[in-house]
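Working notes, beginning with the structure itself.
The values are calculated or read from the model by the stated rules, or taken from the named source; none is laboratory data. This one's a predicted model, so the numbers in the text were calculated from it and none came from an experiment. As a convention, Cβ positions derive from the backbone with ideal geometry for all residues, glycine included, and neighbour counts pool all protein chains shown.
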Amino acid sequence: MAYYWYKTFHLIGIVVWFAGLFYLVRLFVYHAEAEQEPEPARSILKKQYEIMEQRLYSIITTPGMILTVVMAIGLISTEPEILKSTWLHIKLTLVILLIGYHHFCKSIMKKLAAGECQWTGQQFRALNEAPTILLVLIVLLAVFKNNLPLDATTWLIAALVLTMVASIQLYAKKRRKDKEKLAQLDKQTFASSPVGE
């Protein structure tokens, strides 16, 4: 029975942790893009994003990570022979990378708060794809274990994930260009109006 409780809370932890990571880096996008806003909007937005990032990291994301790791240890304790499995070694390596990503996000939060972060919104959008790739790989390993299929279906799923990542990046680029065009149009309209003359 302990195995099922550990597994239940392990899955809950994973959902909470990934939800927090995905939203946290999305906040970084908005935080970085707030630099382009005029004052006082810039200061207000940056302060608000800083508060939201801190709360999300401390109240949701980090507890999700801790719950995931503690319940994983509990799961392994119910069947310690699993530690000999190659798939688990690979999965644990990916989880260590994910924990590193989690702490890297904390360092970015500190830089954003200090006004020392040079990352752009576009770079943060790209960074936000890293946990997606790790999630897909970790789930595949957890489900298929040592029988990871390398057939056409697997490559199709990989292609779909890459297409999704590329689509998100292209959409963000289109939005940025549309915003720039609108700003340029506003400038031209203002310059040609009697007020702008």
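Before moving on, here are some points about what is shown:
- Residue satisfying condition, being touching a Leu at 6+ places or on another chain (Cβ under 8 Å) and assigned to a helix (DSSP H, G or I), within set 140, 162: 140
- Qualifying residue in segment 143-156 (condition: exposed (fewer than 11 other Cβ atoms within 10 Å of the Cβ), of a type outside the set (A, V, I, L, M, F, W, C) and at pLDDT 90 or above): no
- Criterion: farther than 27 Å from residue 157 by Cβ, at pLDDT 95 or above and acidic (Asp, Glu) - qualifying residue of 116, 79, 53: 53
- Residue match in segment 118-136 (condition: outside the structural domain of residue 45 (by TED's automatic domain parsing) and touching a residue at least 40 places away in the same chain (Cβ under 8 Å)): no
- Among the residues examined, residue 127 qualifies as among the aliphatic types (A, V, I, L, M), within 14 Å of residue 29 (Cβ to Cβ) and either surrounded by 15 or more Cβ atoms within 10 Å (Cβ to Cβ) or over 20 Å from the mean Cα position of the chain (by Cα) (or both).
- Of the helices (runs of 4 or more DSSP H) that lie entirely inside segment 1-89, those containing 1 or more residues that are farther than 27 Å from residue 112 by Cα and not hydroxyl-bearing (Ser, Thr, Tyr) span 2-33, 62-78.
- Count of residues meeting criterion [out of contact with any helix residue (DSSP H, G or I) (no Cβ under 6 Å at 6 or more places or on another chain), in contact (Cβ under 8 Å) with a residue 24 or more places away in the chain and of a type in the set (S, T, N, Q)] in segment 141-169: 1
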